[in-house]
1. Here is a check on your reading of the model: is A115 at pLDDT below 95, more than 19 Å from R4 (Cβ to Cβ) and assigned to a helix (DSSP H, G or I)?
2. Quick check on the stretch 221-228. Is at least one of its residues open to solvent by 10 Å² or more (accessible area, probe 1.4 Å), of a type outside the set (A, V, I, L, M, F, W, C) and in contact (Cβ under 8 Å) with a residue 40 or more places away in the chain?
3. For residues in the stretch 128-151 being among the polar types (S, T, N, Q) and outside any loop (DSSP other than H, G, I, E, B), which is least open to solvent (accessible area, probe 1.4 Å)?
4. Could you say which residue among V241, V204 is open to solvent by 20 Å² or more (accessible area, probe 1.4 Å), among the β-branched types (V, I, T), more than 20 Å from the chain's Cα centre (by Cα) and farther than 30 Å from R36 by Cα?
5. For the stretch 80-117, what are the residues that are touching a helix residue (DSSP H, G or I) at 6+ places or on another chain (Cβ under 9 Å), under 29 Å from L233 (Cα atoms), among the aliphatic types (A, V, I, L, M) and surrounded by fewer than 19 Cβ atoms within 10 Å (Cβ to Cβ)?
6. List the number of the failed condition for R26; all other conditions in (1) without any contact (Cβ under 8 Å) to a residue 60 or more places away in the chain; (2) touching a Gly at 6+ places or on another chain (Cβ under 8 Å) hold.
7. In the set N170, N213, N192, which member is open to solvent by 80 Å² or more (accessible area, probe 1.4 Å), within 27 Å of T13 (Cβ to Cβ) and among the polar types (S, T, N, Q)?
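The values are calculated or read from the model by the stated rules, or taken from the named source; none is laboratory data. Small disclaimer: the values here were computed from a predicted structure and weren't measured. Cβ: placed from backbone, ideal geometry, glycine included. Neighbour counts: every protein chain shown. The accessibility values were calculated without ligands, DNA or RNA, using every heavy atom of the protein model including side chains. Shrake-Rupley method; radii C 1.70, N 1.55, O 1.52, S 1.80 Å.
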Amino acid sequence: MVTRRAVVTGASTGIGEATVRNLRARGWEVVGVARRAERLQTLVDEVGASAIACDLTDADAVDSLLAELEESGPVHALVQIAGGARGTERVEDASIADWQWMYDVNVLATQRLVAGILPQLRRAAESDGHADAVFVTSTAAQIAYPGGSGYNAAKAAESMLVKVLRQELNGEPIRVVEVAPGMVHTEEFTLNRLGGDSLAAEAVYAGVEEPLNAHDVADVIGYALDAPGHVNLDLITMRPVAQSAQHLLARGPLRVRGGEG
């Protein structure tokens, strides 16, 4: 049996951190990647992952990351989770700086990392049967909503990158998987999007019965990676039951309508 190694970005918090823990529990070797070295160290200490601090928007830092991965062993899977949102303004009021940041972290960083790591994925696929590239996008890539324009645009661009990559890799034993979550209650995503306003961030989830959490998404990622090598889960859209569509969110207890008992 080959021990497979995954590189998980955004590993210092939220879905990324949960994915590192999930894959370690499944027996994977994992390299967690994020900007904050001190938070990565917690994963090293608690679950035995490796860690490399890297800002994926910095080309030189990514080159160093790729060199370190090259020297330390094969890469069987890339799990690209790093990204984020800033702002909920209307198109006419939006901050160009926020839009630029969202495009940099969600799209350009993804392209930079994919282009650099593909040779390593190809070598792993050649020697061990197949390799994987998993991308966490968002339902914001699929459905527009007021106040979401910058994030809608960035995640839609990332989603298109993933779809094109899958076609360009046709004929190679490399699976390309997209996971698009809806409402996920994590420690930092909405807080960062709303400029650190904790009250506003908590109001987003108020009354919603069991929004998704980071471990829910991590479990889907783990399942996709552990599926038989000939099975590709092209696109997994996942939402809490309370969110039937991007615009349709139940607040309050879920209960059956009508009937007796």
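1. no
2. For the stretch 221-228, residues open to solvent by 10 Å² or more (accessible area, probe 1.4 Å), of a type outside the set (A, V, I, L, M, F, W, C) and in contact (Cβ under 8 Å) with a residue 40 or more places away in the chain: present.
3. Only one residue fits best here, namely T139.
4. V241
5. V114, the sole residue that qualifies.
6. Here R26 meets the rest and fails (1).
7. Selected residue: N192, the only one of N170, N213, N192 that is open to solvent by 80 Å² or more (accessible area, probe 1.4 Å), within 27 Å of T13 (Cβ to Cβ) and among the polar types (S, T, N, Q).
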